[in-house]
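Chemist: One structure, pasted below without further comment.
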Amino acid sequence: MLDFAVITFANTVYLLCHIPPTSKDASAKVKALANEVDCILCGHVHKAWKYNSFTKRDGTTTPVINVGCDVWNYRPVRIDKINDQFLRLRRRK
């Protein structure tokens, strides 16, 4: 089973994972990779939150976006819309 994937879209490096690196259940590899990317896309948290952040080893934070269908009106969300959300979250830092 694939635990994660790393993709690049619009010059942004995304970590795709089911369990967010902020969870005690996340794999060590996912937690390590979370320190190397611009944004994290995850599921698993259901309606707990839509946006969160992950604190990297260097003390900076990276946005975590819950892409579960339950927080997006049960519809798929295009990657360009996700990227727009990432850019908005990054500006709020």
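Chemist: Out of all the residues in the range 1-36, which are touching a residue at least 60 places away in the same chain (Cβ under 8 Å) and either among the aliphatic types (A, V, I, L, M) or open to solvent by 30 Å² or more (accessible area, probe 1.4 Å) (or both)?
Modeler: Result: F9, A10.
Chemist: Looking at I79, I40, can you tell me which residue is buried (at least 18 other Cβ atoms within 10 Å of the Cβ) and β-branched (V, I, T)?
Modeler: I40
Chemist: Sticking with this one: Could you list, in sequence order, the residues of the range 46-75 that are open to solvent by 100 Å² or more (accessible area, probe 1.4 Å) and within 16 Å of I7 (Cβ to Cβ)?
Modeler: none
Chemist: Looking at I79, I40, which one is within 11 Å of the chain's Cα centre (by Cα) and closer than 23 Å to N11 by Cβ?
Modeler: After applying the criteria, what remains is I40.
The values are calculated or read from the model by the stated rules, or taken from the named source; none is laboratory data. From a predicted model like this one, the values you see are computed outputs, not experimental measurements. For neighbour counting, all protein chains shown are included, and Cβ atoms are generated from backbone atoms with ideal geometry for every residue, glycine included. Side chains included, ligands, DNA and RNA excluded: accessible areas come from the protein's heavy atoms. Shrake-Rupley method; radii C 1.70, N 1.55, O 1.52, S 1.80 Å.
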